[in-house]
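These notes concern the structure reproduced below.
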Amino acid sequence: MQMTRSWFYRLLLSYLPIFLFIVTMLLLVSFFVLSDLSRKSAVKANDVYIQRVLQTIDNSLQAIEKIMLREIFSESEIHAFINPVSSKSASAYEVGVKLMRIRDDNPAVDSIYVVRASDGVVVTESTITRLSQFQDTQFLDLLKQTSSPYYWSGMREYTGFQNKKTNVISLAKEIHQSSGGFLIINVSASYLEQLLKDMSDPAINDVMLLDQFRNEIASVGSLAVEPQERDGLSQRTSGYTGYEIRSGFRFFAFLDKVSTFTYICILIGFLSICTGIAWIVLVSRRNYKPVERLLERIHTLKSKRNDIPSGRQDEFTMIEAALDKMAEESSFYEKQVEENKIYRRQVQVQDLLEGRHSSGTDTWLSEREEWGSGIGSKQHVVAVAEIDRYHWFSRSYPSSDQNLLKYSLEKTIGEIASGYSVPIWTEWVAGNRLAIIIQQPQTTPSDRVPDRICNEAREWVQDNLPLTVTFGLGDIVDGLQLVSISYKTALSCLDYKPSLGNNQLITISDTQARPQADMFRHVQLVRPFASAYKRGEEQWKGDCLHFFTELKKGAFTRDDLISMMNYMIYYFHREMMEHTSELRTLWETEAMPGLTSMLDEDETLEEVEQRFTRILTDLYHKIILIRERRNNHMLMKQVRDYIEEHYGDADMSLTYLSDQFGINGKYLSRLFKEEFGENFGEHLMQVRMEHAKSLLLESAASINDIAEKVGYTTSIAFIRVFKKVAGTTPGEYRKNGLSRTSDERIGGK
């Protein structure tokens with residue numbers, strides 16, 4: 001391999017930049033110190049300058065105000081014009097001449113006019129007009145709403161003679177003689193701008209005059225409005241007008257001419273820099289030989305390796321490549337070891353929770369000092385923390401925020417457990433579930449330290465994090481061999497979250513405190529509920545409330561809730577598909593998407609009830625509006641009410657109703673189907689069966705008597721229809737209903 005001298009140039013270039021950097025910094029520091037001193041002097045001079053400019057402007061405006069006061073309070077033409085009973089009379093023409101004279105005598109005055117309130121006459125220096133035709137009435141209206149005395153206004157636009165528009169500032173004075181009036185003098189912004197130009201040098205100063213509302217009146221140069229956008233900005237506010245003046249100077253960092261002494265200093269500095277560079281080169285060359293011998297030795301040792309790169313390379317590149325490779329391999333191995341450690345820990349915890357216990361798990365746990373010795377013989381309990389409404393949680397936060405919130409939950413549980421001096425181990429077993437292995441302390445079972453840890457963690461999360469957590473707590477077990485039993489118990493407790501609610505601590509005793517929900521009985525409540533909704537009867541709301549109230553009395557799992565709601569949605573869908581195409585489309589587009597997503601997003605029965613009721617209520621109102629727009633809505637409602645009152649008549653039929661209402665039977669059947677989504681016969685049978693069920697449970701009448709009361713001539717026909725609708729005979733229905741009522745009374749006691 002051929003030696004190169006790049007190492008020498010690297011060594012040389014290592015010192016030269018430092019030397020040049022230090023020299024440059026010293027020069028810059030010296031320059032900025034001198035510049036700062038010059039800048040401060042310029043700022044002070046600028047402050048004095050704008051004070052003088054502001055004073056000049058105030059003097060000009062005060063002189064105008066004195067002219068106005070003299071004209072108002074002296075026996076002048078303006079005074080006589082406003083006050084007709086004055087000893088001296090004056091015409092509008094004379095007033096106009098007077099106003100023109102005032103304007104001509106004072107170059108600051110752009111325009112001036114007088115308003116007489118008694119008749120609305122307006123006299124300017126060039127015209128006489130009425131207030132209704134005057135174009136500055138908006139400013140006058142503002143004056144009437146403002147309490148006196150009147151000060152200089154802000155920047156505004158004034159339309160004068162021949163509709164010429166000018167930016168002006170105005171001073172108005174109210175004249176309190178007779179009916180009164182106003183005297184208004186306008187000073188143009190161009191005059192003030194020219195005044196600023198006369199008192200400043202645009203090549204050096206940028207000046208801006210602002211009114212009391214911080215609107216620009218006049219400016220010289222390119223000064224920005226906001227002070228923080230310009231260095232060296234000075235500001236002053238007039239105590240007379242409230243106007244603000246801002247001025248910034250253009251600072252020149254370098255002088256146009258320098259002295260001979262300055263040239264000598266620059267030359268000495270340049271020679272010093274060259275001397276320093278030459279010295280660095282000589283020192284580097286002097287150190288060349290020992291460094292070269294060292295690099296040759298390194299090259300001799302490294303050349304024996306086959307992986308040494310070939311070609312023209314210096315030894316520093318070889319050393320750097322070897323070190324980079326070694327560091328890369330070391331980092332890779334460390335990362336792999338750490339990942340293996342984390343993965344091994346997760347697998348061991350998962351094996352422990354699922355009952356796949358091994359000697360490796362014992363070894364791993366025994367290495368944890370906080371667990372102490374003999375952990376295999378101690379009591380443990382497993383709790384599982386489940387994030388509530390995890391579907392909403394996943395959509396509301398990015399993955400980084402989710403990990404942060406989960407980390408906060410995990411650390412909080414650890415800190416609470418450490419307060420009780422209880423060793424725990426936490427591991428996420430699913431995206432929304434955190435398993436917590438708690439070593440039961442040597443206390444009486446009544447202390448329930450794990451319960452307190454879970455409750456405190458749950459309350460802390462509720463108060464401090466934008467989420468809630470439900471805990472499932474397993475049974476206390478002896479030794480690590482039985483931890484999986486406690487874990488399964490904790491999971492089974494969480495299965496009952498839909499009936500017990502979110503943000504809870506659920507134990508096995510909580511699931512056993514309620515009776516298991518009778519899903520078959522709840523299924524029977526769906527049918528009348530759905531039928532009433534299909535017919536558009538207000539009764540469905542009570543049936544809905546009764547259904548969910550009965551469901552809340554029992555304990556059921558998530559699978560039970562999904563099965564029940566799937567059946568309910570299916571039955572409602574089947575009933576609504578019997579409506580007209582308009583109502584079927586409304587059901588499929590308005591209700592079904594929300595009902596389907598409800599099963600995926602809502603976790604508890606209360607959430608399901610709220611969404612289910614809201615969806616049905618919204619759709620119900622739309623269906624009612626559609627029905628009420630139909631021409632035969634009231635007639636069909638009368639027919640349905642008539643059926644409700646005379647359902648016990650055995651002669652009830654389409655022919656019977658046709659005679660009663662004077663309408664063709666087939667046409668009546670079609671209208672009834674369109675209005676309520678079911679045939680006349682189905683509706684009549686449903687009404688009779690509902691009343692029959694009430695009579696069976698609330699009276700002691702015989703089957704024959706009940707059949708006659710609900711419109712059946714024979715008990716055989718009644719029993720056949722009842723079994724078809726209710727799924728059981730009338731006798732069995734009465735027997736089961738009375739037995740259930742008795743059980744509920746006993747349970748209530």
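The values are calculated or read from the model by the stated rules, or taken from the named source; none is laboratory data. Remember, it's a predicted structure, so these values are computed and weren't measured experimentally. No Cβ is skipped: glycine too gets one built from the backbone with ideal geometry, and neighbour counts run over all protein chains shown. All accessible areas refer to the heavy atoms of the entire protein, side chains included, with ligands and DNA or RNA removed. Shrake-Rupley method; radii C 1.70, N 1.55, O 1.52, S 1.80 Å.
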**Q.** Failed item, numbered, when LEU99 is tested on (1) open to solvent by less than 50 Å² (accessible area, probe 1.4 Å); (2) free of Cβ contacts under 8 Å to residues at least 40 places away in the same chain; (3) closer than 17 Å to TYR191 by Cβ
**A.** (3)
(Q) Name the single residue that is surrounded by the most Cβ atoms within 10 Å (Cβ to Cβ) among those in region 440-474 being touching a strand residue (DSSP E or B) at 6+ places or on another chain (Cβ under 7 Å) and part of a loop (DSSP other than H, G, I, E, B). (A) GLY474
Q: Answer yes if at least one residue in region 71-85 is over 30 Å from SER118 (Cα atoms) and not hydrophobic (A, V, I, L, M, F, W, C), and no otherwise.
A: no
Q: Could you grab me the full set of residues in region 490-520 that are surrounded by 15 or more Cβ atoms within 10 Å (Cβ to Cβ), without any contact (Cβ under 8 Å) to a residue 60 or more places away in the chain, of a type outside the set (A, V, I, L, M) and not in a helix (DSSP H, G or I)?
A: GLN504, THR507, ARG514, ASP518
(Q) Please verify whether ILE67 is among the hydrophobic types (A, V, I, L, M, F, W, C), modelled with pLDDT of 85 or more, in a helix (DSSP H, G or I) and under 22 Å from TRP152 (Cβ atoms), treating the condition exactly as stated. (A) yes
Q: Pick out, from region 102-183, the strands (runs of 3 or more DSSP E) lying fully within it that include 1 or more residues that are closer than 21 Å to ALA80 by Cα.
A: 109-116, 121-124, 128-130, 165-175
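Is it the case, given these coordinates, that ASP543 is touching a Phe, Trp or Tyr at 6+ places or on another chain (Cβ under 7 Å) and closer than 22 Å to TYR567 by Cα? Please lay out each step first, then the result.
Numbers: touching a Phe, Trp or Tyr at 6+ places or on another chain (Cβ under 7 Å): yes; closer than 22 Å to TYR567 by Cα: yes.
Here the answer is yes, as ASP543 does meet what is asked.
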Q. Name the residues in region 608-622 that are open to solvent by 40 Å² or more (accessible area, probe 1.4 Å) and modelled with pLDDT of 85 or more, would you?
A. GLN610, ARG611, THR613, ARG614, ASP618
Q. Do we have LYS541 as within 41 Å of the chain's Cα centre (by Cα), surrounded by 19 or more Cβ atoms within 10 Å (Cβ to Cβ), basic (Lys, Arg) and not in a loop (DSSP other than H, G, I, E, B) here?
A. no
Q) Can ILE185 be described as open to solvent by less than 30 Å² (accessible area, probe 1.4 Å) and within 19 Å of ARG70 (Cβ to Cβ)? A) yes
Q.
Yes or no: region 554-568 includes at least one residue that is open to solvent by 10 Å² or more (accessible area, probe 1.4 Å) and not in a helix (DSSP H, G or I).
A. yes
Q: Select from region 374-417 the residues that are loosely packed, with under 13 Cβ neighbours inside 10 Å and under 12 Å from ALA457 (Cβ atoms) and list them in ascending order.
A: LYS411, GLU415
Q.
Anything in region 544-553 that is in contact (Cβ under 8 Å) with a residue 24 or more places away in the chain and open to solvent by less than 70 Å² (accessible area, probe 1.4 Å)? List them, or say none.
A. CYS544, PHE547, PHE548, GLU550, LEU551
